[in-house]
1. Given +1 on the Cβ of Lys and Arg, -1 on the Cβ of Asp and Glu, and no further charges, what dipole in debye does region 4-242 carry about its Cα centre, rounded to the nearest 20?
2. Quick check on packing: order 115-124, 324-333, 389-398, 356-365 by the mean number of other C-beta atoms within 10 Å, highest mean leading.
3. Can you tell me which lysines have their Cα less than 29 Å from the Cα of LYS90? Leave out same-chain residues fewer than eight positions away.
4. At 1.4 Å probe size, with the rest of the protein present, what percent of the exposed accessible area of region 257-442 is carbon and sulfur atoms?
5. Ranked by accessible surface with a 1.4 Å probe, highest first, in what order do TRP199, TRP189 come?
6. So, by mean Cβ neighbours within 10 angstrom, what's the order for 212-224, 402-414 with the highest one leading?
7. Dipole magnitude of region 389-454 about its Cα centre, charges +1 at Lys/Arg Cβ and -1 at Asp/Glu Cβ only, in debye to the nearest 20?
8. Any idea of the accessible area per residue across the chain, 1.4 Å probe, to the nearest Å²?
Amino acid sequence: MSNFILGIDLGTTSVKAVLLAAGCRTVAAGHSEPTAADVSDDSGIKAKEQDPGLIINAVNRCLAQLPGDKLQHVSRVGLTGQMHGVLFWKANSGCDWSNGNYFTPRDTSQLVTWQDGRCSSDFLSSLPKPESHLGVSTGFGCATIFWYMKHRPQFLEDFSVAGTIQDYVVSMLCGLDSCVMTPQNAASWGFFNTTSSQWNENTLKAAGFPVRLLPRCVPPGALVGQTHSAWHGVPAGTPVGAALGDFQCSVYSCMSSPADAVLNISTSAQLTFAMPADFTPPDSPQLESSTSYFPYFDSSYLAVAASLNGGNALATFVETLTAWMKELGVESRDPCMYEKLIGSALNQDSSDLMVSPTILGERHHPLRLGQVTNISASNLSLGHVFRALCRGVVSNVTSMMPVEHLQRAGVRRLVGSGSALARNEVLRQEVERAFPLQVVYGQNADSAVGVAMALCDRI
């Protein structure tokens, strides 16, 4: 039997694992599981946390569904997942392998995710200025650590290691007593210079930041260790790659040409294209710019309009409808509500209702929240509202990176990806109306496939 690359994506709402046949880049098997890991917040600080135990449970369920005979022939393991967030753990006791061929978390914090809102604009403005082209927002790892320094300093004393959730899994698989991180994830924390691949240690030390928690950085595609125990049939001694960013991996899975741009709409939304090989990012953050430059592979960069508002805005609308119905005494647990909304909007080809869906603000404009305008008696049907909401999600992204910007960069094709685009025909219609380009939808546009492909290409 041929060898396989195991790629795992630890997403915001689900976990996915794929087996990629080494050499031919064909997906031989795959499975996904919801995590349902959100922790309810009654603290009043706008915390957004997840239980790492529930996330790892989802990983274990996911891998248990993959063919055991193929897992025994895995030659590389690659991890990717949600960026920006931070998990803390104790070195040498961060997990428990007593169950045999899988581990469960131990001596860890909750995962503070990229959606966390505890760092106010005033708090962020009090932080030192990063020596980087990327600014710092709430939900970024370093900002969260600064928050704990100010509000709960004892909390940090309980832990010796920090990383993203995907970095944590890599450390546990390899039995590492520290965290190893790629620039893709380090840049998402803030206070990391992608040109030098160094943390802003002097700046952080001067501010009293616990630099002992900063991971060591290695290039994307680097191997950082080997599985120190058999894991769901994956043999002990199997090389493990340093964890990559889910956004970069999603792009890697479907961008096949420099003339491609990728629009991903899942929980959030991103529009991106590759910068020329000789591109160097600015020296300092462009705080009011809606375009950022994310480190990619081989010292290259992606130009990115990264919106906080994507499929989550649509999900919030569905949840709001359900809550209204409950308030009216109508119990509705209709699992097809989302599909029915799509159907009603498909019957409404256009709408003059205007919806700005920025319910979470945006990193470059955190105080600009959502709006509904141009309301009339004739455009309040569910079809009008859902059509306008879908158009608003797309319009928000194009306002951050106008189509003219793509055309000037030589982009001729748009590759659509992400779970929200895949299941929502109305959203796809609005994309095709907004972009005067060839639009295709990536068959394998997902992060689990992308991390496996990235490792495969670097064997």
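1. Magnitude of the dipole: close to 420 debye.
2. 389-398, 356-365, 115-124, 324-333
3. Those lysines meeting the cut-off are LYS16, LYS46, LYS48, LYS150, LYS205.
4. Percent of accessible area from carbon and sulfur atoms in region 257-442: 55.
5. TRP199, TRP189
6. Details: 212-224: 18.0, 402-414: 15.5.
In decreasing order of mean packing, 212-224, 402-414 become 212-224, 402-414.
7. Here the size comes out at about 120 debye.
8. Ligands and nucleic acids excluded, the result is 41 Å² per residue.
The values are calculated or read from the model by the stated rules, or taken from the named source; none is laboratory data. Here the structure is a predicted model, which means the values were calculated and not measured. We place every Cβ from the backbone using ideal geometry, glycine too, and count neighbours over all the protein chains shown. Quick note on the areas: whole protein, heavy atoms, side chains included, nothing else; ligands and nucleic acids left out. Shrake-Rupley method; radii C 1.70, N 1.55, O 1.52, S 1.80 Å.
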